[in-house]
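Read through the structure below, which is laid out as structure tokens, and then see the notes.
The values are calculated or read from the model by the stated rules, or taken from the named source; none is laboratory data. Quick caveat, the model's predicted, so the values are computed rather than measured. Cβ atoms come from the backbone with ideal geometry, glycine included; neighbour counts cover every protein chain shown.
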Amino acid sequence: MNGLFVSNPTSFRARPFLRPTTNPKEAKGVSYVSFRSPKCAMGISIGGGGHIYDNVPKFPRMNVWDPYKRLGVSRDASEEEIRGARNFLLEQYAGHEGSMESIEAAYEDIIMKSFRERRKSKINLKSRLKQKVEESPSWVKTLLSYVELPPMDVALRRLFLFGFMGGWSIMTSAETGPAFQVALSLLSCIYFLNDKMKNVIRASITGFGALVVGWIVGSILVPVIPSAILPPTWTLELLTSLVSYVFLFLSCTFLK
């Protein structure tokens, strides 16, 4: 048996360290003194038995059922405020496992509830729109059957293209006019329509129709605009072309 032993437990005179033995004859009359592990100042005993976080503060609202009250935020708090409260509490009670788990659970409950509410509102909005379409007159249903919502990146790319055409027309309006830009915009519109319709004739008719409608609307709308708010270099032809770009963009982006 390993350890420090003395020949007489009542004597203060200690024998030197001796060789460990398992022989009962050799160990007769010998009392063994075993070492016990001292407890750590933080409350943990070497080898087990204590808790390393005994002196760490405990979250007082750990068992509060309402996740908003547990984090100390209002129900109309923004996502940034909720995240800030969670990070602050985690720093305050870092090291206490139960407190940190309670704080994280409350934060996850709030985030998941917000996600479900947003998803439910989107579903309700789609349902209401679908119901409105079903209750609309037949001519509205027929008109809507030719309309589609493209992906956002597609709409943005085409918006950038026709916006560039408009800016180009404005910069060159005093020199040659926007005839070339209008022709290029019309060809681009026909190309995009044909990509969806798979019919060059139909795409060409639709593109020309959008240009004509835009030109007519521009011819009616532009004279109504006070000339005092327009730059002197902006002619009637340029303004009508800008309106036509809008109709070309709408037709090649949302028509199917």
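Details
- Within the range 174-226, the set of residues being surrounded by 15 or more Cβ atoms within 10 Å (Cβ to Cβ), among the small types (Gly, Ala, Ser), in contact (Cβ under 8 Å) with a residue 24 or more places away in the chain and under 25 Å from Val154 (Cβ atoms) comprises Ser185, Ser188, Gly207, Ala210, Gly214.
- Search result, residues across the range 228-244 that are in a helix (DSSP H, G or I) and of a type in the set (A, V, I, L, M, F, W, C): Ala228, Ile229, Leu236, Leu238, Leu239, Leu242, Val243
- When the range 237-255 is filtered for residues that are farther than 14 Å from Val182 by Cα and in contact with a helix residue (DSSP H, G or I) (Cβ under 8 Å, 6 or more places away or on another chain), the ones remaining, listed by number, are Leu250, Ser251, Cys252, Thr253, Leu255.
- Selection from the range 146-159 of residues that are assigned to a helix (DSSP H, G or I) and either at pLDDT below 80 or loosely packed, with under 11 Cβ neighbours inside 10 Å (or both): Met152, Asp153
Yes or no, residue by residue, for (1) out of contact with any helix residue (DSSP H, G or I) (no Cβ under 8 Å at 6 or more places or on another chain); (2) at pLDDT 85 or above:
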{"position": "His51", "(1), (2)": "yes, no"}
{"position": "Pro67", "(1), (2)": "no, yes"}
{"position": "Arg70", "(1), (2)": "no, yes"}
{"position": "Ser74", "(1), (2)": "no, yes"}
{"position": "Gly84", "(1), (2)": "yes, yes"}
{"position": "Tyr107", "(1), (2)": "no, yes"}
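- Among the residues listed as Pro232, Pro178, the single one being touching a Leu at 6+ places or on another chain (Cβ under 7 Å) and over 13 Å from Thr253 (Cβ atoms): Pro178
- Matching residues, the range 227-253, being loosely packed, with under 13 Cβ neighbours inside 10 Å and free of Cβ contacts under 8 Å to residues at least 60 places away in the same chain: Ser227, Ala228, Ile229, Pro231, Pro232, Leu236
- Hey, Leu143 surrounded by 11 or more Cβ atoms within 10 Å (Cβ to Cβ), part of a helix (DSSP H, G or I) and modelled with pLDDT of 90 or more or not: no
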